[in-house]
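The values are calculated or read from the model by the stated rules, or taken from the named source; none is laboratory data. All of these numbers come straight from a predicted model, not from anything done at the bench. Every residue, glycine among them, receives a Cβ derived from its backbone with ideal geometry; neighbour counts consider all protein chains shown. Protein only, heavy atoms only, side chains kept; ligands, DNA and RNA dropped before computing areas. Shrake-Rupley method; radii C 1.70, N 1.55, O 1.52, S 1.80 Å.
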Amino acid sequence: PKPLQLVSSRWEFQDANWFPDFPTAAEKIRWFWSHAGQPTLDGVVAVNSSILEKLLAITGPIDMPEYGKIVNAQNVMLETQKAVELEYDKTENKPKKFVGELVAKVLERVRHASGQDLANYATVFAMALETKEIQIALSDAEEESQIEAWGWNGRLLPTPGDALAVVEANIAGQKTDGVIEEHVHNEAAIQEDGTIVDTVTLKRSHRGQMGELFHGANNVAYIRMYVPEGSELISASGFHPPEPSFFKATLPDDPVDPDVARLIIRESRDPSSQVVVTDEFGRTAFGGWVQLAPGSASTMTLRYRLPFRAQDLNRTVSSGTMEGGSEQAAYMMLLTSQSGKANRTITSSLTVPPTWRSSWSHTPFVASTTELLWDRDQVFAHVFETSHVEATSTSL
């Protein structure tokens, strides 16, 4: 993928988790694994480091005498990063050895748990599957079908209505993601003719301090916003790509990755904002660069027109009119969370013409100006009566 060429001229295993659809990312991980001569896999399970903190809160401190460390929920991230990045034996050259040995000790405590501890572990794992801190992709089709039915495989789901997924990739930003605060505001405005214009604002703040270990570097991120396929970009601001000279040149005889060629199509670039527009996974994606220095903040805004009207959307789920002849319009939104962004917050608003009247709503995600944690997929939907005509048809 072109954004990854900022750090390398070729794609390697450590950056295999590029695609926002986890089954697709898992297949790419398997591809790298098998081409490195490794044995076949029954599946790929992604586990975020945040799980380790939660498990250690139950296990209590873990003694790692061979490393001179006692690891607990409060220091595990810092001590692991130090062991992996700085303190490992350069001759042995196994920087992740510490992680494997620590996890083994934690899992040994989990295996022998009983009583309330066992219930607490079960709660951690159940919540992790719901919030995508754990994602599973299995090779067996029947098993994978069951995992998908439970919502555990992180698939980028299709939807007939509006949709938004904000996918951030930290590229050459060291470990700064841990100190980046993010808030998303999504506003959908339905016009009198049913046209829908969305405005998405992403505010990011860098809470690190210049020179701070792991967190004191510039955060360089490529951000993709996945919206309904065919959406038309109206305007974009706040994106700042690195200088072209910073990107690594690929070799003339390097082949184009077949998955990138197949999955990322119809690429274009908005000349004023430098936002890249592609079609991927049944969505249109708007991609752009954001750079933050420690202690700074920035705001990115995208405005785009959806490829359907509210009346069109209503006809996909109903007859279009209610008893008594009232014409209908509908709005549905699928908000897809990003794994690893447990602290990202969101507000969402919907405006409609003043003559429209709500006739039905489904809002487990409260569509309002209330700031909510965006740590899992959410759906909200509304049906409106727009006018009264003589014809009569069946209701929803």
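Here are a few things to note about the model shown:
- Pairs where the first residue, in the range 137-152, is under 18 Å from Asn17 (Cα atoms) and the second is exposed (fewer than 11 other Cβ atoms within 10 Å of the Cβ), C-beta under 9 Å, 6+ apart: Leu138/Asp42; Ser139/Thr40; Ser139/Asp42
- Filter pass, Arg10 being basic (Lys, Arg), in contact (Cβ under 8 Å) with a residue 12 or more places away in the chain and part of a loop (DSSP other than H, G, I, E, B): yes
- Test: residue in the range 286-304 that is among the basic types (Lys, Arg), modelled with pLDDT of 95 or more and open to solvent by 50 Å² or more (accessible area, probe 1.4 Å): yes
- Positions within the range 5-28 being among the acidic types (Asp, Glu) and either within 24 Å of Leu138 (Cβ to Cβ) or modelled with pLDDT of 95 or more (or both), in sequence order: Asp15, Asp21, Glu27
- Residues of the range 156-170 that turn out to be in a loop (DSSP other than H, G, I, E, B) and out of contact with any Asp or Glu (no Cβ under 6 Å at 6 or more places or on another chain), as a count: 5
Residue-by-condition table, conditions (1) touching a helix residue (DSSP H, G or I) at 6+ places or on another chain (Cβ under 7 Å); (2) open to solvent by 30 Å² or more (accessible area, probe 1.4 Å):
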site: Pro1; (1), (2): yes, no
site: Leu6; (1), (2): yes, no
site: Trp11; (1), (2): yes, yes
site: Ala16; (1), (2): yes, no
site: His35; (1), (2): no, yes
site: Val45; (1), (2): no, yes
site: Thr59; (1), (2): yes, no
site: Met64; (1), (2): yes, no
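- Enumeration of residues in the range 13-24 that are under 17 Å from Pro258 (Cα atoms), without any contact (Cβ under 8 Å) to a residue 60 or more places away in the chain and assigned to a helix (DSSP H, G or I): Phe13, Asp15
- Condition met for Val277 (assigned to a helix (DSSP H, G or I), within 30 Å of Thr301 (Cβ to Cβ), in contact (Cβ under 8 Å) with a residue 12 or more places away in the chain and of a type outside the set (Lys, Arg)): no
- So Asn153, is it open to solvent by 20 Å² or more (accessible area, probe 1.4 Å), among the polar types (S, T, N, Q), over 30 Å from Thr386 (Cα atoms) and within 15 Å of the chain's Cα centre (by Cα): no
- Val260 touching a residue at least 24 places away in the same chain (Cβ under 8 Å), under 23 Å from Thr336 (Cβ atoms) and in contact with a Leu (Cβ under 9 Å, 6 or more places away or on another chain): no
- Listed by first and then second residue, the pairs linking a residue in the range 154-181 that is under 17 Å from Ser231 (Cβ atoms) and at pLDDT 95 or above to a residue that is part of a loop (DSSP other than H, G, I, E, B) and open to solvent by 20 Å² or more (accessible area, probe 1.4 Å), with Cβ atoms under 6 Å apart and 6 or more places separating them unless they lie on different chains, are Leu156/Pro20; Leu156/Phe281; Val167/Pro20; Val167/Gln338.
- Any pair with Cβ under 9 angstrom, 6 or more apart, that starts in the range 57-75 at a residue that is without any contact (Cβ under 8 Å) to a residue 40 or more places away in the chain and among the β-branched types (Val, Ile, Thr) and ends at one that is open to solvent by 40 Å² or more (accessible area, probe 1.4 Å) and not in a loop (DSSP other than H, G, I, E, B): Ile70/Asp63; Val71/Asp63; Val71/Lys105
- Residue list for the range 100-111, restricted to those being more than 28 Å from the chain's Cα centre (by Cα) and within 17 Å of Ala57 (Cβ to Cβ): Lys105, Glu108, Arg109, Val110
- Pairing each residue of the range 84-103 that is within 13 Å of Leu52 (Cβ to Cβ) with any residue that is open to solvent by less than 50 Å² (accessible area, probe 1.4 Å) and among the small types (Gly, Ala, Ser), provided the two are 6+ apart or on different chains, yields C-beta distances under 7 Å for Phe98/Ala83.
- Considering each residue of the range 258-276 in turn, none proves to be surrounded by fewer than 18 Cβ atoms within 10 Å (Cβ to Cβ) and under 30 Å from Val383 (Cα atoms).
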